[in-house]
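The values are calculated or read from the model by the stated rules, or taken from the named source; none is laboratory data. This is a predicted model, so every value here is computed, not measured. Note: ideal-geometry Cβ built from the backbone for every residue, glycine included; neighbour counts use all protein chains shown.
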Amino acid sequence: MKENLMNIKKFFQAAIAISTLFIGLAQTAQAEIIHQTGDTTGGPTLDLTPWEFPGSAIPFTQWAFTVGTSGTYTFQVTAEFDSVILLFENSFNPADTVTNFVNGSDDDVSPTTSSVAGELTAGTTYYFVVTGYDDPEFGKYQVLIGGPGVITAVPEPSTWLMLAFGLAAVTYAQRRKALR
């Protein structure tokens, strides 16, 4: 009886180990999925009248990123306002929402959801913009982005500047210490 219990225990240990290995392998084969939250309240504004939307000063947020693998990526936004999503390639200018435009979406299932899919190229910088349909449309939102490769945020120029100042300050402090 004791031997049977030990065999059952070994069987379950082996089953758990194999399941864990299978789950680990399956996860590495899956596409990257990013979940982000944000808020457009009080953000900078853009003009969507070239697209025949009524808003000319709509608050927005943007996120610059690159992808590690070329392929189809899907973007979905759920918001507490009538949302619009826009995707730009290489650069984004809020005063000119037509140049470098790749894809966009207004309403999907409801006015508070928008989704779009597009072919993205590895190594290219893209700008994902969340905004409203009209000037009074702003608030909190959630973004879900998925695709075949790693999605990496591109730091803002101000982040690089802060890093440079920090490194310069550390270098200066080390030099002063060495001169004493």
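Of the residues VAL67, VAL102, VAL77, which is touching a Phe, Trp or Tyr at 6+ places or on another chain (Cβ under 7 Å) and under 14 Å from TRP51 (Cβ atoms)? Lay out the reasoning, then the answer.
Numbers: VAL67 fails: under 14 Å from TRP51 (Cβ atoms); VAL77 fails: under 14 Å from TRP51 (Cβ atoms).
Answer to the check: VAL102.
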Inset, instruction - From (1) of a type outside the set (Gly, Ala, Ser); (2) modelled with pLDDT of 95 or more; (3) over 26 Å from PRO148 (Cβ atoms), pick out the condition that doesn't hold for THR61. - result: (3)
Legend entry - Number of the exception - LYS177 against (1) at pLDDT below 95; (2) in contact with a Leu (Cβ under 9 Å, 6 or more places away or on another chain): (2)
